[in-house]
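A short write-up of the structure that comes next.
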Amino acid sequence: REDGGEGGGSLRDAEALASAGLFRAAPVSSVLANFAAVFAEDAAAVAARGVRDKLLPYDEHRLADEAFYSVPATSKVDFFISHAWTTARWHKYLGLCYYVNVGIASLAAVFTWMGAAAVLITLRGYAAYGGRGGLLVPCLVYLPVFVFVVFFALGHALAPWLGRKSAWLDKLCIHQSRTDLKCEGVAALPTFVSSSSRLLILWAETYFERLWCNAEVATFCSVHGVQNVDFMPMWLAPWALATIALDLVAISLLDHTLLLIPACGEFFAARLGDSYPLFVGWLTQTVGIGLGMGLAYIPMTPFSLYSFSKKIEWHDLMMSHMREYTFDAAKCTVESDRSIVREEIDKLLTGQPDLGFDPDAPRADPVQRFNRYINTDFAEAIAGQVGEVTQLPYSTCCLVFMPLMFESLANVIGCDGMPCEISYKSEGYASIPHFM
């Protein structure tokens, strides 16, 4: 806040909490350590990162102390992780890998692809690999995708600046065994949220059912706005990786079926002669590519149909949860917490008269305005990030069909699976450079 009022107070609160050792932020590398073992359900795995023996109370305190005090004290955080503990650990691990690493993983894959192509062309020239899909596909498709997978899983470790990003996570940043420290941490939750630069929501089916998740959204959006919210659906990473895998299998088949392009060129040239060269070229590309792509992708159709159907189902559920959201439907373990959260929302939205304002209901109370805010402004902003139910952002499309884009270069250099001297003539081109 620029007025120095509540925002200034929040800043002072954050600094005081940091000085008291209560405000802490874990590096991303710690959150993702051992495949995000911190999200394991059992207390031993959370506190000790892998200790499985039954612990005595003293050991529980000792290990919880080690986990809590190993996290650095701070007064600001790069992103606050908001999530429901009912969601499976592996979904959160994949979601966090996607959020943190997908950018560098994509760049690493593209640079590997371009570098491999540059090496191949430098060694033997651009016209020397016709019909050598057995070399080109591994070098220009499998290798870049392998690099993508490695950086997707380990980018935060391979790129230290990503691993050093700070994240607030309840299991690491609130003491888990000492009641006094835990109560102080829970009481300071609004300050932790408002002192974070971004809010990362790990959305699962139960997210908006959790009362305290709603409190975190209300606190953050009242201070920073929805434009600083990052929304990570737990279905997105598994679906994206499954689609990449299916596309990779199809590409392996496509390397063989694209032989139909020059075959179609010979077929149409033999029947139409040299009288209609442009028409023959059009038929060759249209029918040849259509048959080649179709035969390669048809075996993947049942799996893709299931994958996309589940994606649409979960995406629709996600958007309906936001557009039909009501605060009263949220659940809490301790019912008395409901009045506490309601009072917090009342206080937050009273200071933000424009948040969720409905000109048709100008006297709506703060909770009603919060309902409307989630139903409209918040839902629209999230749809802008992850797309509507039957639409995908262009960047997501490029990601999930990455193998096909990599194959395009392997196909061009490989001259549609035949020696370049034969392919360019069969497909009606004047020369190899013209064909390329």
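Which order, highest average first, do 290-296, 384-390, 142-148 follow once you tally other Cβ atoms within 10 Å for each residue and take the mean per peptide?
Per-residue Cβ counts within 10 Å, averaged per peptide and sorted highest first, yield 142-148, 290-296, 384-390.
Measure off, as a whole percent, the carbon and sulfur share of the 1.4 Å-probe accessible area of the chain, all protein chains present. Could you put the intermediate results ahead of the total?
Details: 12890 of 20780 Å².
That fraction is 62 percent.
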Between R198 and residues 5 or more places away or on another chain, which pairs have amide H atoms under 5 Å apart, with H built 1.01 Å from N, and which residues are they? F79, F80
Most fluctuating of S395, S309, S106 in the GNM of the chain (C-alpha, under 10 Å) is S395
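Could you tell me the calculated FRET efficiency between T206 and S252, based on Cβ-Cβ distance and R0 = 41 angstrom, to the nearest 0.05? Walk me through the numbers before you get to the answer.
Working: r = 39 Å, r/R0 = 0.94.
Between T206 and S252 the formula returns 0.60.
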Mind checking the full-extension length gain between T301 and Q285? Use 0.36 nm per residue of separation minus the Cα-Cα distance, one decimal, nm. 3.5 nm
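Assuming R0 = 41 Å, what is the FRET efficiency of Y394 and T350, from their Cβ-Cβ distance, to the nearest 0.05?
Values: r = 40 Å, r/R0 = 0.99.
In this case the efficiency is close to 0.50.
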Just one of (1) 1.44; (2) 0.95; (3) 1.24 is Cα Rg over 2.2 N^0.38 Å calculated from these coordinates, so which is it? (3)
How much length is gained on full extension from S275 to R178, taking 0.36 nm per residue of separation minus their Cα-Cα distance? 26.2 nm
Quick one: how many Å² of I298 are accessible to a 1.4 Å probe, rounded to 10? 110 Å²
Taking springs between alpha-carbon atoms closer than 10 angstrom, which of A329, A245, A36 fluctuates most in the Gaussian network model of the chain? A329
With the other protein chains left in place, how much accessible area per residue, in square angstrom, belongs to the chain at a 1.4 angstrom probe? 48 Å²
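Kindly point out which whole DSSP H helices in the chain project their C-alpha atoms 15 angstrom or further along the helix axis while averaging a Kyte-Doolittle hydropathy of -0.5 or above. Write down the numbers at each step before the final one.
Numbers: long enough: 6-19 (19 Å, -0.34); 57-69 (18 Å, -1.21); 89-124 (48 Å, 0.95); 143-158 (20 Å, 2.36); 211-224 (20 Å, 0.79); 236-257 (31 Å, 1.37); 260-272 (17 Å, 1.20); 277-297 (29 Å, 1.14); 301-323 (32 Å, -0.43); 337-350 (20 Å, -0.54); 402-413 (18 Å, 1.28).
In the chain, the long hydrophobic H runs are 6-19, 89-124, 143-158, 211-224, 236-257, 260-272, 277-297, 301-323, 402-413.
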Given the options W161, V137, A109, identify the residue whose Cα lies farthest towards the positive end of the charge dipole of the stretch 69-222 (+1 on Cβ of Lys, Arg; -1 on Cβ of Asp, Glu). V137
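Starting from the coordinates of the alpha-carbon atoms of the stretch 309-436, obtain the Kirkwood hydrodynamic radius over all distinct pairs and give the value in Å to one decimal. Spell out each step's value before the answer.
Details: mean 1/r = 0.0512 Å⁻¹.
It works out to 19.5 Å.
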Within the stretch 186-226: backbone nitrogen closer than 18 Å to the K76 label point (7 Å, Cα to C-beta): 191-200, 220-221, 223-225
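Using only alpha carbon pairs under 8 Å that are at least six residues apart, calculate the relative contact order of the chain and give it in whole percent.
On the way: 609 pairs, mean separation 91.7, N = 436.
Computed over the chain, the figure is 21 percent.
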Alpha-carbon Debye profile of the stretch 77-228, log10 I(q)/I(0) at 0.16, 0.18, 0.19, 0.20 Å⁻¹: -0.93, -1.09, -1.17, -1.24
Do any cysteines in the chain lack another Cys Cβ under 4.7 Å, and if so which? C97, C139, C173, C183, C213, C221, C264, C332, C397, C398
Spatial separation of Cα centroids for the stretch 87-126 and the stretch 63-77, in angstrom: 32 Å
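The values are calculated or read from the model by the stated rules, or taken from the named source; none is laboratory data. Given the structure is predicted, the values throughout are model-derived calculations rather than measurements. Backbone-built Cβ (ideal geometry, glycine too); neighbour counts: all protein chains shown. Quick note on the areas: whole protein, heavy atoms, side chains included, nothing else; ligands and nucleic acids left out. Shrake-Rupley method; radii C 1.70, N 1.55, O 1.52, S 1.80 Å.
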